């Protein structure tokens with residue numbers, strides 16, 4: 001089996017998480033400067049097999065797309081054109097930032113450490129991936 005890679009796309013930073021090859025465990029991979037995301041993914045996929053991209057889908061409480069969806073659409077086109085053999089699925093990412101913050105609190109990190117937005121983005125991507133695995 002190949003890995004599943006989750007993407008919590010952001011205007012400045014993008015959090016990434018990945019499964020193990022058996023697709024059982026979701027782990028944070030890293031946070032990448034969004035401008036360097038495609039380059040990072042090309043390098044990663046040259047070393048690892050990825051069978052699916054999960055991309056967070058930001059929605060409002062009434063289920064309509066959030067404003068940041070407009071930033072994600074061009075990225076999805078570029079992702080699909082760059083990796084035509086890797087399917088893309090969208091996953092509702094409502095509350096992932098709040099859940100990620102609570103996870104960091106529960107893990108005992110000090111307030112200064114919890115303010116690390118890169119870590120928050122990586123944990124958010126992990127939560128997106130874990131929710132997908134749980135619902136499969």
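The values are calculated or read from the model by the stated rules, or taken from the named source; none is laboratory data. Remember, it's a predicted structure, so these values are computed and weren't measured experimentally. FYI the Cβ positions are ideal-geometry reconstructions off the backbone, even for glycines, and counts take in every protein chain you see.
Below are the figures for this structure:
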read-out: Qualifying residue in segment 13-28 (condition: on the phi > 0 side of the Ramachandran plot and touching a helix residue (DSSP H, G or I) at 6+ places or on another chain (Cβ under 8 Å)); value: yes
read-out: Qualifying residue in segment 77-90 (condition: in contact with a helix residue (DSSP H, G or I) (Cβ under 7 Å, 6 or more places away or on another chain), modelled with pLDDT under 80 and closer than 17 Å to residue 11 by Cβ); value: no
read-out: Complete set of residues in segment 21-30 that are over 15 Å from residue 41 (Cα atoms), surrounded by fewer than 23 Cβ atoms within 10 Å (Cβ to Cβ) and in contact with a strand residue (DSSP E or B) (Cβ under 7 Å, 6 or more places away or on another chain); value: 21, 23, 25, 27
read-out: Pick from segment 31-50, criterion assigned to a strand (DSSP E or B), surrounded by 15 or more Cβ atoms within 10 Å (Cβ to Cβ) and at pLDDT 95 or above, ranking: farthest from the chain's Cα centre (by Cα); value: 50
